[in-house]
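Peer 1: Sharing a structure with you now.
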Amino acid sequence: MIAEGALVLFSGGQDSATCLAWALDRFARVETVGFDYGQRHAVELACRAAFRAALSARFPAWAARLGEDHGLRLDALGAISETALTREAEIALRADGLPNTFVPGRNLVFLAFAAALAYRRGLRHIVAGMCETDYSGYPDCRDDTIKAMQVALNLGMERRFVLHTPLMWRDKAATWSLAEALGGAALVEMILEHTHSCYLGDRAHRHPWGYGCGACPACELRRRGHEAYVTQRTGHPAR
């Protein structure tokens with residue numbers, strides 16, 4: 001175990017929930033931060049408390065390391081973003097090939113605010129769920145972007161933060177497998193039940209892979225990953 005503390009960017013989604021478990025398995029003290037930037041799927045923020053509570057109840061050793069949760073409002077980010085995540089618009093590909101769910105600068109802003117919070121809280125390690133193996137093509141999820149941000153934050157704040165992205169080279173099936181390796185079937189079930197990925201914020205429909213509309217890109221990615229995970233685990237196609 002690493003004796004230092006960590007701050008996890010915890011949105012309430014599958015990836016950040018897995019990252020939270022990853023951090024609790026490694027660091028002596030772990031705090032979380034979530035961002036409200038006017039996202040359409042703000043229901044993900046409501047899932048955060050339920051997941052933290054379930055995690056603490058099921059894993060006492062992790063509960064002892066789980067510290068304060070922080071919520072930060074970043075309304076300006078939503079106000080300046082003309083995207084399908086911050087406006088009532090149909091999800092589609094843009095002319096440049098990026099999905100219109102891309103919120104320019106979002107992860108850069110998140111990491112800057114997380115580092116400022118970590119600075120105040122005395123936390124050296126910052127953990128986030130960015131991934132470029134199985135993702136929507138967002139440029140601020142790329143490994144080069146995260147490495148560049150680490151350099152900028154350390155120079156600008158005169159600190160030696162370490163940015164961890166444990167999912168960077170894992171596809172969604174591998175992310176489910178990581179959750180199972182960290183916390184067994186109990187953690188997998190908690191992620192299914194208490195996290196949210198659907199861009200439309202649909203919590204009315206429960207699927208084998210969790211809640212969602214079943215049609216948006218986030219649901220499709222989560223569904224395919226879970227089906228591949230089940231197939232790899234059982235040797236039989238998911239039903």
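Nothing in this text is a laboratory measurement; each read-out follows from the coordinates by a stated rule. Only a predicted model underlies this, so the values are computations on that prediction, with no experimental measurement involved. Glycine also receives a Cβ, built like all others from the backbone with ideal geometry; neighbour counts cover every protein chain displayed.
Peer 1: Calculated FRET efficiency, Thr234 and Val162, Cβ-Cβ r, R0 45 Å, to nearest 0.05? If you can, show how the numbers build up before the last one.
Peer 2: Numbers: r = 37 Å, r/R0 = 0.81.
For Thr234 and Val162, the calculated efficiency is 0.75.
Peer 1: Next question. Say we join alpha carbon atoms closer than 10 Å with springs in a Gaussian network model of the chain; which of Arg120, Arg65, Arg52 then has the biggest fluctuation?
Peer 2: Arg120
Peer 1: Let me know the Rg and Dmax you get for segment 2-196 when you use only its Cα atoms, in Å.
Peer 2: Final numbers for Rg and Dmax: 16.1, 49 Å.
Peer 1: Can you sort Trp169, Trp62, Trp209 from fewest to most other Cβ atoms within 10 Å of each residue's own Cβ?
Peer 2: Starting with the residue having the fewest Cβ neighbours, the order is Trp169, Trp62, Trp209.
Peer 1: Taking 30 Å as R0, compute the FRET efficiency from the Cβ-Cβ separation of Ala204 and Ala79 and round it to 0.05.
Peer 2: Efficiency at R0 = 30 Å is approximately 0.60.
Peer 1: At 7 Å along the Cα-to-beta-carbon direction for both Val151 and Arg224, put a label point, then send me their distance in nm to one decimal.
Peer 2: With each label point 7 Å from Cα toward Cβ, the separation is 3.2 nm.
Peer 1: Moving on. Give the shape of segment 1-40 as rounded, prolate or oblate, defined through the alpha-carbon gyration tensor: a ≥ b ≥ c are the square roots of its eigenvalues, a/c under 1.5 means rounded, and otherwise the shape is prolate if a/b is larger than b/c and oblate if not. Don't skip to the answer; put the middle values down first.
Peer 2: Details: a/c = 5.47, a/b = 2.10, b/c = 2.61.
Oblate.
Peer 1: Over the chain, with a Gaussian network built from C-alpha contacts below 10 Å, which listed residue (Leu155, Leu24, Leu55) shows the highest mean-square fluctuation?
Peer 2: Maximum fluctuation in the GNM of the chain, among the listed residues, is at Leu155.
Peer 1: Related question: Order of Ile2, Ile146 from fewest to most other C-beta atoms within 10 Å? List each step's numbers first, then the result.
Peer 2: On the way: Ile2 13, Ile146 21.
If I rank by nearby Cβ atoms, fewest first, I get Ile2, Ile146.
Peer 1: Could you tell me the calculated FRET efficiency between Ile2 and Ala63, based on Cβ-Cβ distance and R0 = 22 angstrom, to the nearest 0.05?
Peer 2: That pair, Ile2 with Ala63, gives E of 0.75.
Peer 1: Give the long-range amide H neighbours of His70: residues separated by 5 or more places, or on another chain, with amide H under 5 Å away, using H modelled in the peptide plane at 1.01 Å from N.
Peer 2: Counting only residues 5 or more places away or on other chains, the set is Thr32, Val33, Gly34.
Peer 1: Would you compute, from DSSP H runs of 4+ residues alone, the mean residue ellipticity of the chain at 222 nm, taking -39500 (n - 2.57) per run and dividing by the full residue count, rounded to the nearest 500?
Peer 2: Here the helix-only value at 222 nm equals -14500 deg cm²/dmol.
Peer 1: Hey, in the GNM for the chain with a 10 angstrom Cα cutoff, which one of Gly122, Gly38, Gly201 fluctuates hardest?
Peer 2: Largest GNM mean-square fluctuation: Gly122.
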